[in-house]
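Colleague: Mind having a look at this structure? Questions to follow.
The values are calculated or read from the model by the stated rules, or taken from the named source; none is laboratory data. Since this is a predicted model, take the numbers as computed values, not measurements. For neighbour counting, all protein chains shown are included, and Cβ atoms are generated from backbone atoms with ideal geometry for every residue, glycine included. The protein model used for the area step is the full one, side chains on, heavy atoms only, and it has no ligands, DNA or RNA in it. Shrake-Rupley method; radii C 1.70, N 1.55, O 1.52, S 1.80 Å.
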Amino acid sequence: MDAFYASVEQRDDPSLRGWPLAVGGRPEGRGVVAAASYEARAYGGRSAMSMARAVRLCPSLTIVPPDFPRYKAASAAVFSIFREVTPLVEPLSLDEAYLDVTENAWNEPLATAVARTLKARIRRDTGLTASAGVAPNKFLAKIASGWKKPDGLTVISPEGVEPFLQQLPVDALWGVGPVTAKKLRARG
């Protein structure tokens with residue numbers, strides 16, 4: 001899902017749409033950003049950042065406290081849609097999952113078509129957007145899902161795996177943080 005907590009807030013309160021928004025704790029109380037809208041991300045705001053830093057980057061930032069029951073309800077609606085197409089759903093969090101759609105209830109032979117239909121159903125039924133990655137394995141699907149956010153769809157065909165990976169910086173690989181990226185770059 002795209003900026004999930006912030007998107008739920010913007011969906012449910014139209015006055016928040018189009019404005020920099022962060023969900024999380026108060027900046028004066030050592031709060032942390034749980035989710036940042038794409039408008040806040042344009043200023044450098046992102047999840048896991050201190051709210052004080054987010055406010056310094058974007059003084060017009062609107063901060064709302066988290067409402068986990070609402071996020072869980074939205075998540076349940078999305079996962080219900082997932083399970084309509086396949087029982088092979090591997091949740092990673094409230095807003096992310098792997099789906100194996102090799103065999104699916106819609107009898108759709110192309111995973112790309114399944115992803116397009118899922119994205120449309122999520123938007124229609126929940127009012128939220130999702131980005132999807134279609135690939136031969138979970139590792140690549142995870143990278144692909146983040147490639148064209150928000151509301152993106154990236155497909156990596158089996159023959160496109162190597163060209164796709166060659167264009168990535170090492171820190172784009174899932175699990176590679178700043179320290180490992182520096183070591184990998186040093187080794188060429």
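Colleague: Quick check for you: which residues of region 95-129 have the amide N under 15 Å from the point 7 Å beyond the Cα of S80 toward its beta carbon?
Modeller: Inside the label zone: 121-128.
Colleague: Ignoring ligands, DNA and RNA, please state the percent of accessible area on the chain from carbon and sulfur, probe 1.4 Å. Don't jump to the answer; show the numbers that get you there.
Modeller: Numbers: 5920 of 10660 Å².
Of the solvent-accessible surface of the chain, carbon and sulfur hold 56 percent.
Colleague: For E103 and E28, what does the FRET efficiency come to when R0 = 41 Å and r is the distance between their Cβ atoms, rounded to the nearest 0.05?
Modeller: Plugging the Cβ-Cβ distance into 1/(1 + (r/R0)^6) gives 0.20.
Colleague: Over all directions, the average projected area of the alpha-carbon convex hull for the chain comes to how many nm²? Could the numbers behind the result be given before it?
Modeller: Numbers: hull surface 47.7 nm².
In nm², the orientation-averaged hull projection of the chain is 11.9.
Colleague: Moving on. Given DSSP loops and a limit of at most 16 other Cβ atoms within 10 Å, what is the longest stretch of the chain that contains no such trypsin sites (Lys or Arg not before Pro)?
Modeller: Longest gap between qualifying sites, sites excluded: 47-147.
Colleague: For W19 and L173 in the same chain, what is the full-extension length gain: residue separation times 0.36 nm, less their Cα-Cα distance, in nm?
Modeller: On the way: separation 154, 0.36 × 154 = 55.44 nm, distance 3.05 nm.
Stretched out fully, the W19 to L173 stretch lengthens by 52.4 nm.
Colleague: While we're looking at this one, here's another question. Spin-label point model (7 Å from Cα, Cβ direction): what's the A186 to K149 distance in nm?
Modeller: The answer from the label model is 2.9 nm.
Colleague: Right, another one. Hey, can you find the accessible area per residue of region 79-120 for me, probe 1.4 Å, expressed in square angstrom? Don't skip to the end; give the middle numbers.
Modeller: Details: 2460 Å² over 42 residues.
Counting only protein heavy atoms, the per-residue value for region 79-120 is 59 Å².
Colleague: Something else about it: What is the gain in length, in nm to one decimal, between T112 and E90 on full extension, counting 0.36 nm per residue of separation less the C-alpha to C-alpha distance? Don't skip to the answer; put the middle values down first.
Modeller: Working: separation 22, 0.36 × 22 = 7.92 nm, distance 1.84 nm.
Between T112 and E90, full extension yields 6.1 nm more.
Colleague: Share of antiparallel DSSP beta bridges in the chain, in percent to the nearest 5? Walk me through the numbers on the way to the answer.
Modeller: Working: 8 of 14 bridges.
Antiparallel bridges make up about 55 percent of those DSSP assigns within the chain.
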